[in-house]
Amino acid sequence: TADLPAPRVAPNQWRALNAIWRLTLRRHFTPMHWLALVGTLALLGLICFGYLSGKQNPQHYLKWVISFYVTFLVPAMAFLSAGGAIRDELKPTTTDYVFTRPVRRPVFIVGRYLAHLAGVQVDFLCALAAVVGAGVYREVPGLLAAVPLLLLAQVLLVAGFSALGF
């Protein structure tokens, strides 16, 4: 029995997805990530308040949110964020995991995408709260009625452009 090789690790895709989930979401729970998120949200809030403080009619704020935030900012940031997630694949912790575990490449990519998507959806939810909060503070008419559609659009855009970034 001493001449027999050690048994191979049996592939378990659920355990692999759990580990990929932990590897990916660890990035979203670092102090630097939260500091960058707070800074970005403060900048976004200043932009929103700047738009509302200008000579623009507050009734145009909803159109501005759709034309700037939903159609430009969300897709661009989701695409860039997903590209960064793939770049994280070259870090030693991920490389060690991929080379030492029996994880098929499609399972790794899908797990990485889903975990990244969960993390950035939380980040973008905070951004939407800042945009809506600025509008509610300035009493923009019709904004609260549009929030469910804005949220749906944001969730779909983040999912789609994150997939393109991957």
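The values are calculated or read from the model by the stated rules, or taken from the named source; none is laboratory data. Every value quoted in this text rests on a predicted model; they were computed, and no experiment measured them. Positions of Cβ are generated from backbone atoms using ideal geometry, with glycine treated the same way; all protein chains shown enter the neighbour counts. Ligands, DNA and RNA are excluded from the accessible area calculation, which covers all protein heavy atoms including side chains. Shrake-Rupley method; radii C 1.70, N 1.55, O 1.52, S 1.80 Å.
Could you give the length gained by full extension between Ala36 and Leu80, i.e. 0.36 nm per residue of separation minus their alpha carbon distance, to one decimal place?
Roughly 14.4 nm would be gained on extension.
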Practice task
Compare the peptides 37-47, 103-113 by average per-residue count of other Cβ atoms within 10 angstrom and give them in order, highest first.
Solution key: 103-113, 37-47
Practice task
For Asp3, tell me the accessible area in Å² from a 1.4 Å probe, rounded to the nearest 10.
Solution key: 150
